[in-house]
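Some notes on the structure that comes next.
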Amino acid sequence: MITYYSRFIPDLSTKTNALRKLLRKNQKFHWSSQCEAAFIQLKNEMMSDRVLVPYNPHLPIVLTCDASPYGVAA
């Protein structure tokens, strides 16, 4: 589900880095405090109004860009 909403979550690849490390080949699965923090942060992002809200023409429009030292996406 997080991938579906990825365009609405700024700096997603940085926020998911600890969780994605768990999926590496020959990597022992260890749920660390960093993984827990990333999971909670992502849950909060999904519940925030930044993810997806109905368009309101009376509100200002904000354009933001995303960059990460851990991943590249198009």
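Would you tally the residues in segment 36-74 being at pLDDT below 75, loosely packed, with under 10 Cβ neighbours inside 10 Å and either of a type outside the set (Val, Ile, Thr) or on the phi > 0 side of the Ramachandran plot (or both)?
3
Residue pairs, Cβ under 7 Å, 6 or more apart or interchain, first in segment 17-45 and touching a residue at least 12 places away in the same chain (Cβ under 8 Å) and under 18 Å from Thr3 (Cα atoms), second surrounded by 14 or more Cβ atoms within 10 Å (Cβ to Cβ) and charged (D, E, K, R). List them.
That search, which allows pairs on different chains as well, returns Ala38/Lys15; Gln41/Lys15; Leu42/Lys15.
Only one of these conditions is not met by Lys15: (1) exposed (fewer than 12 other Cβ atoms within 10 Å of the Cβ); (2) at pLDDT 90 or above; (3) of a type in the set (D, E, K, R). Which number is it?
With (1) exposed (fewer than 12 other Cβ atoms within 10 Å of the Cβ); (2) at pLDDT 90 or above; (3) of a type in the set (D, E, K, R) applied to Lys15, the lone miss is (1).
The values are calculated or read from the model by the stated rules, or taken from the named source; none is laboratory data. Note that the structure is a prediction, hence the values are computed from the model and not measured. Ideal geometry is used to build each Cβ from the backbone, glycine not excepted, and the neighbour counts take in all protein chains shown.
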